[in-house]
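Down below is the structure, laid out as structure tokens.
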Amino acid sequence: MKKVLFLLVVATPLSLMATSELNSSTEQNQSKTIQETSKEDQAQRVAKALEEQMKKEEKYAKEQRFYQGEEYNLSAVEIDQGAVDAVPLIEPDYDFEIDDVYRDDI
């Protein structure tokens with residue numbers, strides 16, 4: 001019985017230390033691999049972000065050229081202000097009842 005207790009008391013911490021050393025060396029190797037792949041991933045992400053931003057800039061430049069309208073002659077569709085003044089003013093009907101919309105007897 002004493003031998004079993006001795007083995008439990010002495011062998012368990014020793015095996016835990018050996019396991020922790022093995023885990024730490026494995027973790028170090030994994031961290032190096034993760035760092036290398038993270039650098040590659042970061043470079044790929046930066047390249048992808050730059051490409052997307054360049055596409056957005058091209059789209060923006062095209063839209064700005066359209067919105068500035070320097071290339072378009074819109075004089076043919078201009079409205080004569082005198083013609084607008086000749087349109088009669090329509091007064092709103094303020095005695096509208098929403099209940100009349102849902103009535104069937106009208």
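Remarks
- Summed over segment 72-89, the residues that are among the β-branched types (Val, Ile, Thr) and either surrounded by 10 or more Cβ atoms within 10 Å (Cβ to Cβ) or assigned to a loop (DSSP other than H, G, I, E, B) (or both) give a count of 2.
Yes/no matrix, rows are residues, columns are (1) in a helix (DSSP H, G or I); (2) exposed (fewer than 10 other Cβ atoms within 10 Å of the Cβ):
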residue	(1), (2)
Glu36	yes, no
Asp41	yes, no
Gln44	yes, no
Met54	yes, no
Glu63	yes, no
Tyr67	yes, yes
Glu70	no, yes
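- Yes/no for Arg65 being modelled with pLDDT under 90 and either among the charged types (D, E, K, R) or touching a helix residue (DSSP H, G or I) at 6+ places or on another chain (Cβ under 8 Å) (or both): yes
The values are calculated or read from the model by the stated rules, or taken from the named source; none is laboratory data. Keep in mind it's a predicted model, so treat the numbers as computed, not measured. FYI the Cβ positions are ideal-geometry reconstructions off the backbone, even for glycines, and counts take in every protein chain you see.
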